[in-house]
1. Can you report the number of residues in segment A:25-43 which are of a type in the set (S, T, N, Q) and touching a residue at least 24 places away in the same chain (Cβ under 8 Å)?
2. Can you tell me how many residues in segment B:51-64 are at pLDDT 95 or above and within 14 Å of another protein chain (Cβ to nearest Cβ)?
3. For the list (1) at pLDDT 95 or above; (2) in a loop (DSSP other than H, G, I, E, B); (3) surrounded by 16 or more Cβ atoms within 10 Å (Cβ to Cβ), I need the number of the one condition that B:ILE185 fails.
4. Considering segment A:158-182 alone, what residues qualify as being among the polar types (S, T, N, Q), away from every other protein chain (no Cβ under 14 Å) and assigned to a helix (DSSP H, G or I)?
5. Scan segment B:102-123 residue by residue and report those that are within 7 Å of chain A (Cβ to nearest Cβ), at pLDDT below 90 and touching a Ser or Thr at 6+ places or on another chain (Cβ under 8 Å).
6. Only residues in segment B:139-152 that are among the β-branched types (Val, Ile, Thr) count as the first member; pair them with residues that are at pLDDT 90 or above and buried (at least 20 other Cβ atoms within 10 Å of the Cβ), Cβ under 8 angstrom, at least 6 apart or cross-chain, and list the lot.
7. Of the numbered conditions (1) without any contact (Cβ under 8 Å) to a residue 12 or more places away in the chain; (2) out of contact with any helix residue (DSSP H, G or I) (no Cβ under 6 Å at 6 or more places or on another chain), B:LEU160 satisfies every one except a single condition; which is it?
There are 2 protein chains.
Amino acid sequence: MTDQATDHAPSAVVLLSGGLDSATVLAIARAQGFACHALSFDYSQRHGVELAAARRVATHLGAASHRIARLDVQSLGLFAGSALTGYAPVPKDRPPDQMSAGIPVTYVPARNTVFLSYALALAEVLSAGDIFLGVNAVDYSGYPDCRPQYLAAFQAMANLATKAGVEGRSLQIHAPLLDWTKVQIIQKGLELGVDYSLTHSCYDPAPDGQACGHCDACLLRQAAFQALGRHDPALSQGRPKAW
Amino acid sequence: MTDQATDHAPSAVVLLSGGLDSATVLAIARAQGFACHALSFDYSQRHGVELAAARRVATHLGAASHRIARLDVQSLGLFAGSALTGYAPVPKDRPPDQMSAGIPVTYVPARNTVFLSYALALAEVLSAGDIFLGVNAVDYSGYPDCRPQYLAAFQAMANLATKAGVEGRSLQIHAPLLDWTKVQIIQKGLELGVDYSLTHSCYDPAPDGQACGHCDACLLRQAAFQALGRHDPALSQGRPKAW
């Protein structure tokens, strides 16, 4: 369903993993008045359950469209060597100071570059001048492609890459969570009405989609909800198993 | 088959379309001593016959491996609006001065960025520090993502994007044909033993794979072969139809 306001809103492409961060970013982009075209990726990630979460979140937050791009990565041996694609164990119950030591085993080679390149192609097709993604400070100590200088370099490259750039319609990469803590992210999301029970962050979910509660991603969000005096709704006992 | 020399050669990723330019680049990278991992893309392009050419060329020029990545672009509406993906007619029999007027209808949004992003991911997996691609002067008057400043920006971004970059192993993008004419490209390729009858450049081939002889790509290579006193072997009458 579209309305007058949506018809006249500028379009943005929003990378949506189905996790807590990207859900918050989608809410932020919506609140800024963008018609949001959500883009998710199926790259044979261990936690394919996050794509179901992405679908729920896109609907919940009123995305103008939602695309899931299948990346043919396993047959190519791309993205190998990451715990997220099943080649290495996911670390459990690590204290926060160990989480940020070096490049994490969940690092996926050039992942954000591949994702942003698709977003760039889609932005050009949709005449969208804005791309949103949910990288943040907690990540960028470890993932090279979550750092501000990387994002600035991608934006500079993108503006040389496209017809829009050549014609003077510049493209902007927005990473509104870049300097925020998890607590700040969740606070903002709650303010904007994000239902975090719909999101999925766990690196190692059970086959029924339940978060493990012990990987870095689970521990980080649990701690943030606790700091806000709340329980992480993704870990609710009363949650139906087969969603 | 591998030999001692190949085992110790540094690895490079080579973008291989199956056309004249990328075949020449593969030969150049091989001549520079690289173990070449060729990478082609199946993006529902009208001339899927080029992938068969890419396979022939990879074998002919002794690539260490050859991968074809299927890009899920049609269902996403990515790469729409280009003559190469079937949405607009391919111009025929244009004089050279009209070919370079503005951004061509064969422009595919963000294509080189998507291709180079995959190459970057593969380079990191293979610990390759070099990526080769066959963009050249004839193209870069019209395609924004064939210009030297674009390639420099991609390289700068790539070195911020990856674990290798962070650890000080820099990645280099090589576009050896950048300032060459088609004549110079073919001369170099012939010198290196490239069999151009195996390549495919046509934007609008017949169902049996025969080049049309009238699109920009066909005309440009024909003219270059003629300038060298040769016939374009991709247009040979005696060539079997069903290859």
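The values are calculated or read from the model by the stated rules, or taken from the named source; none is laboratory data. Keep in mind that what you see is a predicted model, and the values were worked out from it rather than measured. Counting neighbours? That spans all protein chains shown, and the Cβs are built from the backbone with ideal geometry, glycine included.
1. Step one: filter segment A:25-43 for residues of a type in the set (S, T, N, Q), giving A:32, A:40.
Within this subset, residues satisfying the condition of being touching a residue at least 24 places away in the same chain (Cβ under 8 Å) are A:40.
Number of matching residues: 1.
2. 1
3. (2)
4. If the condition is that a residue be among the polar types (S, T, N, Q), away from every other protein chain (no Cβ under 14 Å) and assigned to a helix (DSSP H, G or I), then no residue fits.
5. B:TYR107, B:PRO109, B:ALA110
6. none
7. For B:LEU160, the exception is condition (2).
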